[in-house]
Amino acid sequence: MIGFFAIVCLCLYFNLEVKIIASAISAYAVSISLVLNAYSIFEKTRADKFNLTMQLLSKWDEKHFIEARDYTREQQNIKEKKEMKKY
């Protein structure tokens, strides 16, 4: 917004024609649009990377949870077998 007003003020100060003012405003609008588009692409890329990282972590956690569960079951079975041998 500040840049827009700066362009208008400079054009009025130098008594430039309406056509030049319109083209300057148009160029400013296009540049702002490009900057916002680039920023949104950056944010989307960052969000996608974050989501991918979270998916990888959840898969890693799930894998290790399953391994720990299986190990616990094996240990419990070994313990039960030892107790059965006592009787």
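Nothing in this text is a laboratory measurement; each read-out follows from the coordinates by a stated rule. Since we're looking at a predicted model, the values are computed, not measured. Glycine gets a Cβ as well: all are built from the backbone with ideal geometry, and neighbour counts include every protein chain shown.
Taking Cα centre as origin and charging only the Cβ of basic (Lys, Arg, +1) and acidic (Asp, Glu, -1) residues, the dipole magnitude of region 2-86 rounds to 640 debye. Computed over the chain, the percent of Cα pairs more than 20 Å apart is 67. Along the axis of the charge dipole computed for the chain (Cβ charges of +1 for Lys and Arg, -1 for Asp and Glu, origin at the Cα centre), the listed residues I32, M54, A6 are led at the positive end by M54. Computed over the chain with a Gaussian network model linking Cα atoms closer than 10 Å, the most mobile of L56, L36, L12 is L12.
In the chain, the calculated helix contribution to ellipticity at 222 nm averages -34500 deg cm²/dmol per residue, counting -39,500 (n - 2.57) for every DSSP H run with n ≥ 4.
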